[in-house]
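Here the structure comes first, spelled out in structure tokens, and everything after it is commentary.
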Amino acid sequence: MSRIKEKFAELSAKKEKALIAYIMVGYPNENATISVVRGLIKGGADIIELGFPFSDPLADGPVIQNASTVSLDNGIKLNKFFNIVKKIRKETDIPLILMTYTNILYHKGYSKFIAEAKNAGIDGFILPDMSIEESKEYLTSAKNTADTIFLVSPNTTKSRIERIAKLSSGFLYLVAVYGTTGVKIGIQNYTLNAIKEVKKITKGKIPVGVGFGVSTPEDVKKYIKAGADAVIVGSAFLKLIEKIPQNKLESSIAAFTKSLKRQTVQT
Amino acid sequence: MKYPKDGRFGEFGGKYIPETLVPAIEELEENYLKFKDNKDFKKELDYYLKQYAGRPTPLYYAKNLSEKCGGAKIYLKREDLLHGGAHKINNTLGQALLAKKMNKKRIIAETGAGQHGVATAMACAVLGIKSEVYMGYKDTIRQKLNVYRMNMLGAKVHPVKSGSKTLKDAINEAIRDWITNVESTYYLLGSAVGPHPYPVMVRDFQSVIGEEIKVQMKKISNKTPDIVIACVGGGSNAIGTFYPLVDTNAEIIGVEAAGKGLKSKYHSATLSAGSKGVLHGMMTYLLQDDEGQITETHSISAGLDYPGVGPEHSYLKDTKRVKYHSATDAEVIDAFLMLTRTEGIIPALESAHAIAEAMKVAKKSKKSESIVVTLSGRGDKDVEEVQKYLSKHVKN
């Protein structure tokens, strides 16, 4: 069983939901990444998504776009990235997911990339521009090696959700709103309906995580109440990281994480 | 390839898109297939192309230029004479009309040099649809006249300050807008790039160029052209020129922007110097680094300043049906001045790439041969840029 599946099983036994945290590796610098990860773990994050920067992040809003640019300017390359992952993996058993764009994997070759990532300690992948139609080689390469987390959206049809859920492993990522990451439009009724709908279609066969624009304990509470098995918070962490002096990163991140995680326990 | 059902030209193309866009892309394809051969739709589009845009455009024998080069006869397909000053209107009228049939109330577009933005603004003005255009901040400065034109035509221009602040970033931003406003908005892509069905749809709307060339050349010489040349950025005027002629015996050449030289980092010659990858929803040749990060491009012409290329061009390159060459900024300036002085025609810097190639090819060709060059746009917008280049590079 993959680390991600184990984590969901463990949480389910405790009647808890998952808090998934996204950060961009190398933002604002390499050392900060390690402190942030420690803070996330201390605060009770269940799964961590590690962003690898891409020059053209077309599904991301301004916060993650900026973090990508900073990370690239800091010289984050794959070698460096995998070394950081290895460092994190030495300290913790928390499931780690790599989030980036298709071209980064395609360029190295799906098999080679996935094997290297797995070797560093990565458990799964999220590629926002990978549609199921183009995923054959990616899926074959990841099979029995890493989880492939696909995304669905509030406008995805029922039959398509079924197809996507079948190809997904680890969890299914429900994009909460029409927009890019970090969008601030508040909780929408269509999102709450989409959570119920997706849960109904997946029938508990795969956990459903909700992300994009999730930024406060209140958001977490509402999505969990609507039936989400996990919530994903990203841009809100990056915004916090931007504001905090480096020596306080770990404790501040831990405190914010704790405030979010608390909402996944009260069911 | 007539209509690639799976959206692939060989291994190129496809649809690598965020899931939110899938219903929009499916709706688009469904409607495009429904209307593309519809008699009333075709009649209406034909009306606008003739009465509004000024089709057919002449195939002009550039006698002075031909004699100067001393070889084949050079014919210019005068897309520069179209309303708006470029071939872009062929596509924007087609897509805006389609958007209208789809009851879309808002159109967004990206633009590089501003020609597609202007053509979008025009089509939207005449068809009564609201339009907004994303344009790289760098391009809003080097093509500010086109920003004023778009504003006057009623389009809202959003300068894009992310990334390299050029065309690729304008496309990123337009896609982000589309993801956010997916229900209400039609994305009017200006080149033969992006996820399926855009590359094939844009090609079809631009194919009027090649179709007319065929008919006009037959009238002039009772045969098809021997050599056909067009410039390639994203590649819409080129694919519109080439596609109707790929089944003939014509030698076909696409010309990319070599900028300061292919060995420098400052060029946009994707097919000549790039490698395969995934960007903007398609698999195609790209300019990228050793880890798949898209690299910044350079060209004296904003319209060719793009690190990708239409997937059908990638296919035509790999199948060797079309040759892809390139012209440097310096060669382009020479061609620009040559055409201006010999024929009194000021070409767009984009189109001047094709002229530069034609001048090279003509010298090596027989007098009995014919070269057709698509003059994709007029160069009024570039006069300032050329002045700047000349004052920097030419002493007197």
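The values are calculated or read from the model by the stated rules, or taken from the named source; none is laboratory data. Since we're looking at a predicted model, the values are computed, not measured. Neighbour counts run over all protein chains shown; Cβ positions are idealised from the backbone, glycine included. Each accessible area value is taken on the protein alone, full model and side chains, heavy atoms only, with ligands, DNA and RNA left out. Shrake-Rupley method; radii C 1.70, N 1.55, O 1.52, S 1.80 Å.
Details
- Residue within the range B:341-364 that is part of a helix (DSSP H, G or I), among the hydroxyl-bearing types (Ser, Thr, Tyr) and at pLDDT 95 or above present: yes
- Selection from the range A:116-129 of residues that are out of contact with any strand residue (DSSP E or B) (no Cβ under 8 Å at 6 or more places or on another chain) and open to solvent by less than 10 Å² (accessible area, probe 1.4 Å): A:Ala120
- Which numbered condition A:Ile97 fails, given (1) in a helix (DSSP H, G or I); (2) more than 14 Å from chain B (Cβ to nearest Cβ); (3) open to solvent by less than 10 Å² (accessible area, probe 1.4 Å): (1)
- Under the condition of being more than 19 Å from B:Gly235 (Cβ to Cβ), in a loop (DSSP other than H, G, I, E, B) and not polar (S, T, N, Q), the residues counted in the range B:291-339 number 3.
- In the range A:169-222, residue modelled with the lowest pLDDT [restricted to those that are on the phi > 0 side of the Ramachandran plot and open to solvent by less than 10 Å² (accessible area, probe 1.4 Å)]: A:Gly179
- Within the range A:145-203, tally of residues that are assigned to a loop (DSSP other than H, G, I, E, B) and either within 14 Å of chain B (Cβ to nearest Cβ) or closer than 12 Å to B:Glu19 by Cα (or both): 18
- Single unsatisfied condition, A:Glu242 versus (1) part of a helix (DSSP H, G or I); (2) free of Cβ contacts under 8 Å to residues at least 60 places away in the same chain: (2)
- Criterion violated by A:Tyr138 - all others in (1) within 10 Å of chain B (Cβ to nearest Cβ); (2) open to solvent by less than 10 Å² (accessible area, probe 1.4 Å); (3) over 21 Å from A:Leu40 (Cα atoms); (4) not acidic (Asp, Glu) satisfied: (1)
- Per-region count, the range A:85-94, residues farther than 15 Å from A:Glu116 by Cα, open to solvent by 40 Å² or more (accessible area, probe 1.4 Å) and not in a loop (DSSP other than H, G, I, E, B): 2
- Among the residues making up the range B:150-167, those that are open to solvent by 10 Å² or more (accessible area, probe 1.4 Å) and either within 9 Å of another protein chain (Cβ to nearest Cβ) or among the small types (Gly, Ala, Ser) (or both) are B:Gly154, B:Ser162, B:Gly163, B:Ser164.
- Output for the range B:358-381, where each listed residue is open to solvent by 10 Å² or more (accessible area, probe 1.4 Å) and either within 15 Å of B:Gly254 (Cβ to Cβ) or of a type in the set (A, V, I, L, M, F, W, C) (or both): B:Met359, B:Lys360, B:Val361
- Selection status of A:Phe82, within 14 Å of chain B (Cβ to nearest Cβ) and either surrounded by 23 or more Cβ atoms within 10 Å (Cβ to Cβ) or aromatic (Phe, Trp, Tyr) (or both): yes
- All of B:Thr319, B:Thr224, B:Thr241, B:Thr248 fail the test of being in contact (Cβ under 8 Å) with a residue 40 or more places away in the chain, closer than 28 Å to B:Lys73 by Cβ and away from chain A (no Cβ under 14 Å), apart from B:Thr241.
- Yes/no for B:Asp204 being of a type outside the set (A, V, I, L, M, F, W, C) and in a helix (DSSP H, G or I): yes
- Residues of the range B:168-181 that are more than 17 Å from B:Thr120 (Cα to Cα) and surrounded by 21 or more Cβ atoms within 10 Å (Cβ to Cβ): B:Lys168, B:Asp169, B:Asn172, B:Arg176, B:Ile179.
- Positions within the range B:241-263 being assigned to a loop (DSSP other than H, G, I, E, B) and either farther than 30 Å from B:Lys223 by Cβ or out of contact with any Pro (no Cβ under 6 Å at 6 or more places or on another chain) (or both), in sequence order: B:Val246, B:Asp247, B:Thr248, B:Asn249, B:Lys260, B:Gly261, B:Leu262, B:Lys263
- Lone qualifier among A:Tyr22, A:Tyr106 - being in a strand (DSSP E or B) and either open to solvent by 10 Å² or more (accessible area, probe 1.4 Å) or over 20 Å from A:Gln246 (Cβ atoms) (or both): A:Tyr22
- Complete set of residues in the range B:183-222 that are open to solvent by less than 10 Å² (accessible area, probe 1.4 Å) and among the aliphatic types (A, V, I, L, M): B:Leu188, B:Leu189, B:Ala192, B:Val193, B:Val200, B:Met201, B:Val202, B:Ile209, B:Ile213, B:Met217
- Some residue of the range A:72-80 being in contact (Cβ under 8 Å) with a residue 12 or more places away in the chain, under 22 Å from A:Ile47 (Cβ atoms) and within 18 Å of the chain's Cα centre (by Cα): no
- Some residue of the range A:122-138 being assigned to a helix (DSSP H, G or I), within 19 Å of the chain's Cα centre (by Cα) and at pLDDT 95 or above: yes
- The residue of the range A:35-64 that is nearest to the other protein chains (Cβ to nearest Cβ), among those that are open to solvent by 20 Å² or more (accessible area, probe 1.4 Å) and touching a residue at least 24 places away in the same chain (Cβ under 8 Å), is A:Pro62.
- Hey, A:Lys5 surrounded by fewer than 21 Cβ atoms within 10 Å (Cβ to Cβ), touching a strand residue (DSSP E or B) at 6+ places or on another chain (Cβ under 9 Å) and of a type outside the set (Gly, Ala, Ser) or not: yes
- Matching residues in the range A:100-124 - criterion: being in contact with a helix residue (DSSP H, G or I) (Cβ under 7 Å, 6 or more places away or on another chain) and within 11 Å of chain B (Cβ to nearest Cβ): A:Leu105, A:Phe113
- Some residue of the range B:259-278 being crowded, with 20+ Cβ neighbours inside 10 Å, touching a residue at least 40 places away in the same chain (Cβ under 8 Å), among the hydrophobic types (A, V, I, L, M, F, W, C) and within 14 Å of another protein chain (Cβ to nearest Cβ): yes
- Failed item in (1) part of a helix (DSSP H, G or I); (2) more than 20 Å from B:Lys317 (Cβ to Cβ), with B:Tyr266 passing the rest: (1)
- Filtering the range A:171-199 to residues that are within 12 Å of A:Phe212 (Cβ to Cβ) and not β-branched (Val, Ile, Thr) leaves A:Tyr173, A:Leu174, A:Ala176, A:Tyr178, A:Gly179, A:Gly182, A:Lys184, A:Gln188, A:Ala194.
- Of all residues in the range B:1-22, those satisfying the criterion of being in contact with a Ser or Thr (Cβ under 7 Å, 6 or more places away or on another chain) and either facing chain A (nearest Cβ under 8 Å) or of a type in the set (Val, Ile, Thr) (or both) are B:Lys15, B:Tyr16, B:Ile17, B:Glu19, B:Thr20, B:Val22.
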